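The values are calculated or read from the model by the stated rules, or taken from the named source; none is laboratory data. Keep in mind that what you see is a predicted model, and the values were worked out from it rather than measured. Only protein heavy atoms, including side chains, enter the accessible area calculation; ligands, DNA and RNA are left aside. Shrake-Rupley method; radii C 1.70, N 1.55, O 1.52, S 1.80 Å.
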Amino acid sequence: MNEKTMFNLTYGLFVLTARQGEKDSGCIINTAGQVTAVPNRISIAVNKTNYTHDMVLGTGKFNVSILSEAADFSIFKRFGFQSGRDVNKFDGYANMKRSENGIYYITEGTNGYISASVEQTLDLGTHTLFIASVEDMDVLSSVPSTTYTYYQNNIKPKPQPKPETEKGKTIWRCRICGYEYVGEELPADFICPICKHPASDFEKITG
Ligand code: FE
């Protein structure tokens with residue numbers, strides 16, 4: 001079995017947003033897709049470690065903003081590289097509006113948004129799969145939707161020059177967010193705890 005086959009599936013990228021009480025949050029997902037047309041339903045799979053996951057589970061409502069090729073890396077940093085448990089991801093941000101359900105959607109670097117209401121949930125261990133009916137949606141731009149591949153090739157910053165480290169010490173540094181793992185070998189299945197990028201996005205730095 002060739003595990004790399006999964007890399008040949010296409011994935012879009014989306015900002016999933018929710019609102020619970022007076023609190024707004026959002027996270028980046030790559031798992032939104034239409035599952036039926038009549039009625040219009042979408043599915044999303046969300047990692048349980050995301051604060052937004054708990055908000056969607058608690059309220060049964062969410063918006064999916066579809067990221068386009070015009071999306072700036074700062075959107076990924078804001079919504080993907082920090083936790084809504086620690087920070088308000090909308091602090092100092094102006095590129096959003098509220099849809100009719102009262103939840104924010106993203107107006108920059110996106111080409112559409114979908115408001116949905118959860119019909120069914122399926123516990124998948126690490127993730128919850130939500131099946132939701134579409135309640136409202138609109139097109140925001142004609143810029144093509146980004147794919148995960150486009151993000152990797154065009155939006156994600158290129159590797160920075162290698163920094164120095166103390167003599168005799170080995171660290172693995174995430175090229176995306178700068179997280180440092182200390183140790184001789186980085187496990188092959190390591191996932192960056194900050195930005196969720198895989199071991200292949202780490203560079204070895206030896207002193
Ligand atoms: Fe990282």
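At-a-glance table
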| item | result |
| --- | --- |
| GNM result for the chain, Cα springs below 10 Å: residue of Val35, Val134, Val64 fluctuating most strongly | Val35 |
| Cα-only Debye scattering, segment 79-207: base-10 log of I(q)/I(0) at q = 0.10, 0.19, 0.20 Å⁻¹ | -0.51, -1.26, -1.30 |
| Over 18 Å between alpha carbons, listed pairs Lys23/Lys89; Lys167/Lys196; Lys77/Lys169 | Lys167/Lys196; Lys77/Lys169 |
| Percent RCO, i.e. relative contact order, over segment 3-154, from Cα pairs under 8 Å lying at least 6 residues apart | 29 percent |
| Using distinct alpha-carbon pairs, which all enter the 1/r mean, Kirkwood radius of segment 22-99 in Å | 13.8 Å |
| Potential extension, Ala37-Lys4 segment - 0.36 nm per residue separation minus Cα distance | 8.8 nm |
| For the chain, built as a Gaussian network whose Cα springs stay under 10 Å, the top-fluctuating residue of Ser142, Ser117, Ser83 | Ser142 |
| Cα gyration tensor shape for segment 96-154, rounded if a/c is under 1.5, else prolate or oblate | oblate |
| Debye intensity ratio I(q)/I(0), log10, segment 159-207, q values 0.24, 0.26, 0.32 Å⁻¹ (C-alpha model) | -0.83, -0.96, -1.30 |
| Residues of the chain: accessible area per residue with a 1.4 Å probe, Å² | 55 Å² |
| Gyration tensor verdict on segment 3-154 (Cα atoms; rounded if a/c is under 1.5, prolate if a/b is larger than b/c, oblate otherwise) | rounded |
| Residue among Val15, Val118, Val87 with the largest mean-square fluctuation in a Gaussian network model of the chain, springs linking Cα atoms under 10 Å | Val87 |
